[in-house]
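*Asks:* One structure coming up, written as structure tokens, with questions to follow.
The values are calculated or read from the model by the stated rules, or taken from the named source; none is laboratory data. It should be emphasised that the depicted structure is a prediction, and the values quoted were computed from it without experimental measurement. Glycine also receives a Cβ, built like all others from the backbone with ideal geometry; neighbour counts cover every protein chain displayed. Each accessible area value is taken on the protein alone, full model and side chains, heavy atoms only, with ligands, DNA and RNA left out. Shrake-Rupley method; radii C 1.70, N 1.55, O 1.52, S 1.80 Å.
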Amino acid sequence: MDTKPFTSGLSENAVMITRVADRQWHALDDDLVVGRGHAEHRPDGRLFVTIDAWHDVAFDRLAEAMSAELPAPLYTVVDEADVELTAGWRRAGFTVRRREWEYMVPTDPQVTGLEAVLPPPAVTILPAGQADERLLRAVDRAIRDEVEATVGWQSMPAEVIPRPEGDTVVDPSMYAVAATPDRYVGLIRVARVKRPRIGLVAVRAGEQRRGIARALLAHALGTLHRSGSTAAWTEVNESNRAALALFETIGARSTSSNLELVR
């Protein structure tokens, strides 16, 4: 266990920063825990840090200790409405990398306007749990490679659901797919942990602008509506104009925004 004193003039009381476990730190003031820091790798390999502190001194010293001991780059995500937390990370040298909007998406097809939406000719929507796992993994890999070659996969919503190392398909039963006779051309992933969350909707580059994403949404939201869910949630990078337009045209409402910061 490593203990490091920080004695800058921010407080009369010396705050001790203690590493209590791998990638876990405590800030102590007279043996009282006044802050906690934690670091973890997300499924995409990036290292994200969080700090929960009672006052600025503890936050700043935790951020200083963690930044000194962890390999760069470091990332964190904050609710944009939390001005104090955002300011704390800025003091620690973090800058805004991107903004992600959270949307509440209605499921009622009479509200979304998706009731009569059908996939284009020769495309069939296969419900969640019915996809061929080999073809599902193939289209997931192809889409990821296409995104990585353009805007980069890190521009997509953060993937926080744990998955085996090197496996990008979290759980095949979560995916509905758009299928042609010889391959899959699009997919949508809906997780139902605490509330329905659309974690990914994507279509192969050569098949875009044909209404496939809209048909996938119509299917997934309709399925949720029939099961009793009145809304789903999703996150969209503010630079993804096509996705923003897609969700806003079906009545999705922005409820908050998150900032991804990097040092």
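*Asks:* With labels modelled as points extended 7 Å from the Cα through the Cβ direction, what inter-label distance (nm, one decimal) is found for Ala87 paired with Arg253?
*Replies:* Distance between the two pseudo-spin positions: 3.1 nm.
*Asks:* How far apart, in nm, are the 7 Å Cα→Cβ label points at Ala138 and Ser173?
*Replies:* Simple spin-label model gives 2.5 nm for this pair.
*Asks:* What is the sum of charges around Glu100, taking Lys and Arg as +1, Asp and Glu as -1, for the other residues whose C-beta is under 12 Å from the C-beta of Glu100?
*Replies:* Value of the local net charge: -3.
*Asks:* A further question on this structure: Rounded to the nearest percent, how much of the accessible area of the chain (1.4 Å probe, protein heavy atoms only) is carbon and sulfur?
*Replies:* Heavy-atom surface of the chain belonging to carbon and sulfur, 1.4 Å probe: 51 percent.
*Asks:* So, one more: Starting from 0.36 nm per residue, how many nanometres of slack lie between Glu40 and Asp79 once their C-alpha separation is accounted for?
*Replies:* Length difference between fully extended and current span is 12.2 nm.
*Asks:* Next question. Over the chain, with the other protein chains present, what is the accessible area per residue in square angstrom, probe 1.4 angstrom?
*Replies:* Value for the chain: 52 Å² per residue.
*Asks:* Something else: For percent of Cα pairs over 30 Å apart, the listed values are (i) 50; (ii) 39; (iii) 27; which was obtained by calculation from the structure presented?
*Replies:* Only one listed value fits the structure, namely (ii).
*Asks:* Give me the one-decimal nm value for the distance between modelled label points at Arg209 and Ala72, 7 Å along each residue's Cα-to-Cβ direction.
*Replies:* The two pseudo-label positions are separated by 4.1 nm.
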